[in-house]
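One structure is given here, and the rest of the page talks about it.
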Amino acid sequence: MPHNRTPETVNMPKKIIVLLFLVSPILNMASSKDTLRVGYNLEPPFVVELQNNRLSGPSVWLWENIANDNDIQYKYIALPFEELLSGLEKDKIDVSLSPLTITAERSQVIDFTSPYHIAHASILQNEVTPIQKSWQFVKSFFSVNFMRALGALAFVILIFGILIWVFERNKNHEEFDNSIKGVWEGFWWSAVTMTTVGYGDKSPRTTGGRIISLIWMFTAIIIISGFTASIASSLTVNNISSSNGKIDDFKNKTVGTITNSVTSEWMRNNFFTNKKEFQTMEELLNALDQEKIEAIAHDRPALQAIVNNDTLSKYDLIDIKYNPQFYAFGLSKQLPDSLSQAINYSMLYNIEKMDWKVLLSESGLE
């Protein structure tokens, strides 16, 4: 006997199909979020790649502990540095494994965990060769500072030479001629006395000359140390200045940095007009090797890692620290707040462990 079907019964399968069609994208989206997309760019020493293609470094250790604590499934996605930020902003990735510096501008489009490391920017230069150091020392003899020190010393010697000549020129004209020639003889006596050489070819005979001699002998002992230090300082000042004790010393130099990095923005805000930008650290090092730039400005941990791996001793990390930066994991704003909070709590928990401090020390970050 045939079943009677109402119109509602006939239309039920169609409604179910339509409903499943509408809900399936949402289900797929929820399913995709079960596996977090973790973007990374190699950033030694925080993110490095081992020979077996596995990732290592403090940031990797920290994230994998966070994932284990919260049973998070994830997959790594290699990206250029500039695409990490855009990927988080456009929800193409969920987490940035490479450390990102917290800034107000970035916080408008992405979220950050609490900072897990504080670093500074620094300067990397080509190592100065022994030949270059020797040439710098030779050039110091022709520097303005050296000439000033030498001129001041000669002036003091001349003053006492003239004084001894004034007293000796009439009664001791055999040794101190009464003419202008006697001034040179007084200068000669003054220099010999100051250096304690004591040739004995000229000696004062008058009472006034001997008083001047006594004053000059004791005065010379005092001032010779000061002039020696001044001359030594003038000879080494070029070497001292070549180490560039502060970042402002590089304002007139051609300095390279990474495009869109925090250091690049800092240099722009501080009027470094000779700045050149490059996409990668490899391009920066090539430019430095080819002397297209005079120095590299970037995060100190990354520059320190380059020096540590520099088997040829090509580079020198200048002892300059500026622009402190707070490193954190970048998070997509599309992540649920509960998950972001869980990641942040787990990160804080893990950086309090002794293992984290030991790892930082082994990586040269403390």
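In the set (1) in contact (Cβ under 8 Å) with a residue 60 or more places away in the chain; (2) in contact with a helix residue (DSSP H, G or I) (Cβ under 7 Å, 6 or more places away or on another chain), the condition left unmet by Lys275 is number (1).
Taking the stretch 55-75 as the search range and keeping residues that are farther than 17 Å from Leu335 by Cα and more than 29 Å from the chain's Cα centre (by Cα), which one is most open to solvent (accessible area, probe 1.4 Å)? Checking each candidate, the answer is Asn68. Is it the case that the stretch 191-198 has a residue that's over 30 Å from Ser264 (Cβ atoms) and touching a residue at least 60 places away in the same chain (Cβ under 8 Å)? No. Exactly one residue out of Leu27, Leu50, Leu84, Leu22 is surrounded by 19 or more Cβ atoms within 10 Å (Cβ to Cβ) and either modelled with pLDDT under 95 or among the aliphatic types (A, V, I, L, M) (or both), and it is Leu84.
Against the numbered list (1) buried (at least 17 other Cβ atoms within 10 Å of the Cβ); (2) among the aliphatic types (A, V, I, L, M); (3) farther than 19 Å from Lys253 by Cβ; (4) modelled with pLDDT of 95 or more, Ile296 comes up short only at (3).
For the stretch 180-195, a residue qualifies if it is among the β-branched types (Val, Ile, Thr) and either under 50 Å from the mean Cα position of the chain (by Cα) or buried (at least 16 other Cβ atoms within 10 Å of the Cβ) (or both), and the qualifying residues are Val183, Val192, Thr193, Thr195. A single member of Phe141, Phe176 is at pLDDT below 90 and touching a Lys or Arg at 6+ places or on another chain (Cβ under 6 Å), and it is Phe176. Just so you know, in the stretch 100-121 the residues that are of a type in the set (A, V, I, L, M) and over 23 Å from the mean Cα position of the chain (by Cα) include one that is farthest from Leu335 (Cα to Cα), and it is Val109.
The values are calculated or read from the model by the stated rules, or taken from the named source; none is laboratory data. Predicted model, so just to flag it, every value in this text is computed and none were measured. Every residue, glycine as well, gets a Cβ built from its backbone with ideal geometry; the counts of neighbours run over all protein chains shown. For accessibility, only protein heavy atoms count, side chains too; no ligands or nucleic acids. Shrake-Rupley method; radii C 1.70, N 1.55, O 1.52, S 1.80 Å.
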